[in-house]
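Step one of this worksheet: look at the structure below.
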């Protein structure tokens, strides 16, 4: 199918560049390659009124062959999900809760029961009208153990799927097991996009939602295409279509952008050298989003030595997050200090434990792990991973911890049948 391609002006690189990252939870993949001055990159993307029509071409990294369009269980396909679906509640540009498919919501006087008023005049891509039954079904699907939704662990302690009520087509009542004043915010997660009642078996392939685009084609870990949904409740989108391409290598994605073969890179953090090349070109611009991503280096707490809380505490105290930001991110980031909530969020807590390698040594000695040696696994998936791993390795030396940086061979996940 041929389209007029005119996503106009300069192509955009929609990537949270390395310099825009917020370093989250305390012990992170960290690194050292020698600090230098922060690169001169634009503070924001080029702006202007969009040209109507045309096809946007997006390059994204590869996913698993088991990639799905079922929002409840999806672990990738974010670009599709945001275009195909809507949530009940979303996060607005100001960082506050905003209506989406729910026009309003209110708790009872104890925040034990929440009532959502479902928007009227909304249709799914197959033409059927949105009702409260779809919203209730979505929550039940998330809570179903067979779905294996990451968000189930968040909602299950609060919501009993059997207690959901739909007194009419535009009212959803959610009784909670315990009071929770922030319950609507839990429905802003990407696993909470609303799907049609009874669609669980097919939704991973059909992608039928209420979003501004509808699915034309989709290949797990491969190419796909979505087209404008003419009857979207917020009006027809500016673009006619979006084509998705899978490009494994970050440098290859960047080269495709600079060559005009694609218009946008998604899920792509650039190294600083590449970001400078892109910013200097006449074809592309870099979009930076402050604190849009945080990096965490998790410890497998079911395996020794991390079963001992003293070892985990020592690993956090052993390194200096500010050093990691300076060396691995060239100063363009925010130390997370074991807190995934960004500084711009009202819930952010500024207090944090101080870097204390001497206390880390003491804790390791008490735990019987003086001179601890561990392996830290990294990968080339993100250009920041290895510099951060090396920075952590260098910083942790001060606490007597020997960290080996290892990169496992690339593997591919395949879907099992039967």
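Give, in nm to one decimal, the length gained when the segment between residue 380 and residue 359 is fully stretched (0.36 nm per residue of separation minus the Cα-Cα distance). Walk me through the intermediate numbers first.
Values: separation 21, 0.36 × 21 = 7.56 nm, distance 3.29 nm.
The residue 380-residue 359 span can extend by a further 4.3 nm.
What's the angle, to the nearest 10 degrees (0 to 90), between helix 132-143's Cα axis and the longest principal axis of the chain?
Helix 132-143 and the main axis of the chain meet at about 30 degrees.
Give me the percent relative contact order of the stretch 320-410, please, defined on Cα pairs under 8 angstrom at least 6 residues apart. All intermediate terms of the calculation are to be shown ahead of the outcome.
On the way: 100 pairs, mean separation 26.3, N = 91.
Taking the mean separation of contacting Cα pairs over the length of the stretch 320-410, I get 29 percent.
Mind checking the angle between helix 357-366 and the chain's longest principal axis? C-alpha axes, 0 to 90 degrees, to the nearest 10.
For 357-366 against the chain, the angle is about 90 degrees.
In whole Å, what is the distance between the alpha-carbon centres of the stretch 324-355 and the stretch 53-88?
If you average the Cα positions of each part, the centres end up 29 Å apart.
Order by neighbour count: 117, 406, 288, fewest other Cβ atoms within 10 Å first, most last.
406, 117, 288
Please arrange 199, 379 by how many other C-beta atoms lie within 10 Å of their C-beta, fewest to most. Present the calculation step by step, with values, prior to reporting the outcome.
Details: 199 19, 379 14.
Ascending Cβ contact count within 10 Å gives the list 379, 199.
Compute the separation of the alpha-carbon centres of the stretch 97-122 and the stretch 378-401 and state it in Å as a whole number.
45
Helix 385-396: angle to the longest alpha-carbon principal axis of the chain, degrees 0 to 90, nearest 10?
Here the helix axis deviates by roughly 40 degrees.
Rounded to the nearest Å, what's the spacing between the alpha carbon centres of the stretch 231-306 and the stretch 151-229? Just the number, please.
25
Gain in length, residue 230 to residue 173, computed as 0.36 nm per residue apart minus the alpha-carbon separation, to one decimal in nm? Please report the intermediate quantities before stating the final value.
On the way: separation 57, 0.36 × 57 = 20.52 nm, distance 3.09 nm.
Fully extending the segment from residue 230 to residue 173 adds 17.4 nm.
What is the gain in length, in nm to one decimal, between residue 397 and residue 75 on full extension, counting 0.36 nm per residue of separation less the C-alpha to C-alpha distance? Intermediate results must be reported in sequence, preceding the final value.
Details: separation 322, 0.36 × 322 = 115.92 nm, distance 3.51 nm.
Stretched out fully, the residue 397 to residue 75 stretch lengthens by 112.4 nm.
Give me 145, 370 ranked fewest to most by other Cβ atoms within 10 Å of their Cβ, as a rough exposure proxy. Before the final figure, lay out the partial values.
Working: 145 8, 370 11.
Taking fewest neighbouring Cβ atoms as first place, the list is 145, 370.
Between rounded, prolate and oblate, where does the stretch 86-200 land on the alpha carbon gyration tensor, with a ≥ b ≥ c its root eigenvalues, rounded for a/c under 1.5, else prolate if a/b exceeds b/c? Present the calculation step by step, with values, prior to reporting the outcome.
Details: a/c = 1.31, a/b = 1.13, b/c = 1.16.
In terms of gyration-tensor shape, rounded.
Every number here is computed from the coordinates shown, using simple stated rules; none is lab data. Being a predicted model, the structure only gives us computed values, none of them experimental. Cβ atoms come from the backbone with ideal geometry, glycine included; neighbour counts cover every protein chain shown.
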